[in-house]
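Encoded as structure tokens, the structure appears first; notes follow it.
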Amino acid sequence: MDFPFIEREDPEIYEALVGEEKRQAEGLELIPSENYVSRAVKEAMASSLTNKYSEGYPGRRYYGGQEFTDKIEILAIERAKKLFNAKYANVQPLGGANANVAMYFALLEPGDTILGMDLSHGGHLTHGHPVTYLTKIFNFIRYKMKDVETGEIDYDEMRRVAKKARPKIILAGFSAYPRELDYAKFVSIAREVGAISVMDIAHIAGLIAGKAAKNPFDYGFDIMTTTTHKTLRGPRGGMILVRESEELAKKIDKAVFPGFQGGPHMHQIAAKAVAFKEALRPSFKKYAKQIILNTHAMEKVFKKQGARMLTGGSDNHLILLDVWKSFGISGGEAEKLLDKAGITLNKNAIADDTRKPMDPSGIRFGTPAMTTRGLGEAESAKVAEIMIDVLTRKQEAVAGAKKKIRALALAHPIPESFV
């Protein structure tokens, strides 16, 4: 993408932008929360809508000049509802964390209890990690896996804790959990204790939209929160979906605006609408299924190597690898070595990790961005083999790995359109 005005007016930023474009083009992104968007999504993000304030909702704005912004937001809402089989959708949250925080404030009073997944077992910071300010306002209690080798959640313990604590929300969802959850059990426990069931689908939204993963709404979940990037392949942003309750939807709308945010970013909402239309195409279903096939192809290579994968493998788009036990290398060192080889992923704590968060025992990686570039199962397996070579031989393998990754990346350029 050209940046003629930035090149002329801000050479320093121009240089950084060009460098990032080159880095993305010549390497492979394996961070499971990253993806590539279409040129159409980029155009929406860079449009004149960035100039417009649109506080409020379609037909109920506090500023004038909303003829076209209303049309755009309505399109985004209708497409989101269709994608996820929801009756209501709020497309204004600026990110996934914003969506979760707004949801909490919509449904809870200070001091209320939320039961969510422990961060060390795959949860997310906004699900109640002590470092967040949310824990100063709400009471978070946590559930874990019963068996980290299979990924099985301890649903019996979850039910026992829920009966004792009587949480207002039971929260499913994750940022580093490779298996599919038993949605029916979550809903059953929530109804048993009178809690609202919420699923954070940020990581697997694209898999759900593409019918490659189960839809929690089909099992009775009340609410889903999500990002709009990651597997959904849209702009960075958030969204809240309500299965059928008008009462919950009204509370959420009020919490997002004016409760938590001011004017929505209309350029971002336009880009969401474009991405949702792309996800409604039949080709997106093929893409979503290929993400999982590619993950399984990588999984097979690591299994053959005897490497330890948390939960024993993956049902979705990501793999969590214990590199400390498998290769005698820390997650931080593995991240840096692979980055030098042109493979971008992130260090990640494993369940009940004994190492520090900034240099944990694991790495987290996935296939959404690779799949967008057209890599299939054979290429995914090859990437896994290159990763193993680097993790085994370390610095000695970096130069050769970088050449292989660059060749693979250039043979699969980032597409500008998904039509």
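Things worth noting here:
- Residues satisfying the stated conditions in region 374-413, i.e. within 22 Å of Gly210 (Cα to Cα) and not in a helix (DSSP H, G or I): Gly374, Leu375, Gly376
- Residue check, Arg233 modelled with pLDDT of 95 or more, in the same structural domain as Ala176 (by TED's automatic domain parsing) and more than 19 Å from His317 (Cα to Cα): no
- Only a single item in (1) surrounded by fewer than 16 Cβ atoms within 10 Å (Cβ to Cβ); (2) in contact with an Asp or Glu (Cβ under 8 Å, 6 or more places away or on another chain); (3) basic (Lys, Arg) is not met by Arg142, and it is number (1).
- Within region 111-121, being surrounded by fewer than 22 Cβ atoms within 10 Å (Cβ to Cβ) and small (Gly, Ala, Ser) holds for Gly111, Ser120.
- Within region 52-110, the set of residues being under 21 Å from Ser175 (Cβ atoms), among the small types (Gly, Ala, Ser) and part of a loop (DSSP other than H, G, I, E, B) comprises just one member, Gly95.
- Hits in region 25-51 - residues which are surrounded by fewer than 16 Cβ atoms within 10 Å (Cβ to Cβ) and assigned to a loop (DSSP other than H, G, I, E, B): Ala46, Ser47
- Residue match in region 242-259 (condition: assigned to a strand (DSSP E or B), assigned by TED's automatic domain parsing to the domain that holds Ile74, on the phi < 0 side of the Ramachandran plot and under 19 Å from the mean Cα position of the chain (by Cα)): yes
- Flag for Lys285 being touching a Lys or Arg at 6+ places or on another chain (Cβ under 8 Å) and more than 23 Å from Phe68 (Cβ to Cβ): yes
- All of Ala273, Ala213 fail the test of being closer than 21 Å to Val419 by Cα, small (Gly, Ala, Ser) and in the same structural domain as Glu73 (by TED's automatic domain parsing), apart from Ala273.
- Residue match in region 326-346 (condition: crowded, with 18+ Cβ neighbours inside 10 Å, under 20 Å from Asn35 (Cα atoms) and of a type in the set (Ser, Thr, Tyr)): yes
- Filter result for Ile169 (without any contact (Cβ under 8 Å) to a residue 60 or more places away in the chain and under 23 Å from Ile240 (Cβ atoms)): no
- Residue under evaluation Asp70, criteria (1) charged (D, E, K, R); (2) surrounded by 15 or more Cβ atoms within 10 Å (Cβ to Cβ); (3) in contact with a strand residue (DSSP E or B) (Cβ under 9 Å, 6 or more places away or on another chain); (4) in contact (Cβ under 8 Å) with a residue 24 or more places away in the chain, criterion not met: (4)
A quick yes/no check of all residues on (1) in contact with a His (Cβ under 9 Å, 6 or more places away or on another chain); (2) farther than 15 Å from Phe217 by Cα; (3) part of a helix (DSSP H, G or I); (4) in the same structural domain as Gly220 (by TED's automatic domain parsing):
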{"position": "Pro167", "(1), (2), (3), (4)": "no, yes, no, yes"}
{"position": "Ala172", "(1), (2), (3), (4)": "no, no, no, yes"}
{"position": "Arg179", "(1), (2), (3), (4)": "no, yes, no, yes"}
{"position": "Val187", "(1), (2), (3), (4)": "no, no, yes, yes"}
{"position": "Glu192", "(1), (2), (3), (4)": "no, yes, yes, yes"}
{"position": "Met199", "(1), (2), (3), (4)": "no, no, no, yes"}
{"position": "Ala202", "(1), (2), (3), (4)": "yes, no, no, yes"}
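- Members of region 112-149 that are more than 22 Å from the chain's Cα centre (by Cα) and either farther than 21 Å from Thr225 by Cα or hydrophobic (A, V, I, L, M, F, W, C) (or both): Lys136, Ile137, Phe138, Ile141, Lys146, Asp147, Glu149
- Listed here are the helices (runs of 4 or more DSSP H) enclosed by region 304-373 that have at least 3 residues being under 25 Å from Arg406 (Cα atoms): 331-340, 368-372.
- Residue within region 278-300 that is among the small types (Gly, Ala, Ser) and at positive phi present: no
- Taking first residues from region 1-21 that are surrounded by fewer than 13 Cβ atoms within 10 Å (Cβ to Cβ) and at pLDDT 95 or above and partners that are hydrophobic (A, V, I, L, M, F, W, C) and part of a helix (DSSP H, G or I), the Cβ contacts under 7 Å between residues at least 6 apart in sequence or on separate chains come to Ile13/Ile6.
- For region 145-156, the set of residues classified as surrounded by 22 or more Cβ atoms within 10 Å (Cβ to Cβ) and assigned to a strand (DSSP E or B) consists of Met145, Ile153, listed by residue number.
- Unmet requirement for Ile319, which otherwise passes all of (1) farther than 25 Å from Gly173 by Cβ; (2) crowded, with 22+ Cβ neighbours inside 10 Å: (1)
- Scanning region 122-137 for residues that are in a loop (DSSP other than H, G, I, E, B) and surrounded by 20 or more Cβ atoms within 10 Å (Cβ to Cβ) returns Gly122, Gly123, His124, Gly128.
The values are calculated or read from the model by the stated rules, or taken from the named source; none is laboratory data. From a predicted model like this one, the values you see are computed outputs, not experimental measurements. No Cβ is skipped: glycine too gets one built from the backbone with ideal geometry, and neighbour counts run over all protein chains shown.
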